[in-house]
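Some notes on the structure that comes next.
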């Protein structure tokens, strides 16, 4: 069964304290791994797509990496405005997106 | 990318009534999806609504409860019928543009059923 697990569920950081969010997956035929950011009361905002092991994508303070079993979202020197829920999703052979439960990040000034 | 708008942005409804949510996209797309996000939970796919065919529902969701229309390539509606408090959720419209692997989401409709 296709499954996505994110850890930790919640993460509190001080401004400037770098860390990583984990997304572990099992899927039949990976057709892309996606990272989204979701602010309270809003829809998910697309961040990155990764397709193959070893691939990396960067955007400002965020960097996403991919292995055969997991993806990491690295946050370097975070700022309070990075506070949000980060969602990981995979697309399998069925074409559907399967979401993890998300990691809620809080960055304190 | 795709810009998606939803109406209403939020509503408070009485038990037993129905609410229709509208989704408008700024470009023509074949594949549209409706998701539900219950409080504190992640996204669950309700159905896939492709223009020109009947909507395909996921396990646990039925057409009588969540009828969907897809009259053209830029618009869709989801109706939540005979509502109960358990239907209180955020309902999200999503599209997968034809020329990309990325799936984009609308701002959501926050529904509260009393």
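Restricting the search to strands (runs of 3 or more DSSP E) fully inside the stretch A:24-109 and requiring at least 2 residues that are farther than 21 Å from residue B:47 by Cα and more than 14 Å from chain B (Cβ to nearest Cβ) gives A:56-59, A:62-66, A:70-75, A:103-108. Within the set B:6, B:41, the sole residue that is closer than 24 Å to residue A:87 by Cα and in contact with a strand residue (DSSP E or B) (Cβ under 8 Å, 6 or more places away or on another chain) turns out to be B:6. No other residue among B:93, B:13 is at pLDDT 95 or above, closer than 25 Å to residue A:39 by Cα and within 11 Å of chain A (Cβ to nearest Cβ) apart from B:93. Just the residues that are away from chain A (no Cβ under 12 Å) and at pLDDT below 95, please, taken from the stretch B:31-58. Hits for the stretch B:31-58 are B:32, B:49, B:51, B:52, B:53, B:54, B:55.
Return yes when residue B:64 is closer than 27 Å to residue A:86 by Cα and either away from every other protein chain (no Cβ under 14 Å) or assigned to a strand (DSSP E or B) (or both) and no when it is not.
Values: closer than 27 Å to residue A:86 by Cα: no; either away from every other protein chain (no Cβ under 14 Å) or assigned to a strand (DSSP E or B) (or both): yes.
No.
Just one of (1) within 14 Å of chain B (Cβ to nearest Cβ); (2) over 20 Å from residue B:42 (Cβ atoms); (3) not in a strand (DSSP E or B) fails for residue A:17. It is (1).
The values are calculated or read from the model by the stated rules, or taken from the named source; none is laboratory data. If you're wondering where the values come from, they're calculated on a predicted model, not measured in any experiment. Neighbour counts are summed over all protein chains in view; Cβ atoms, including those assigned to glycine, are modelled from backbone coordinates with ideal geometry.
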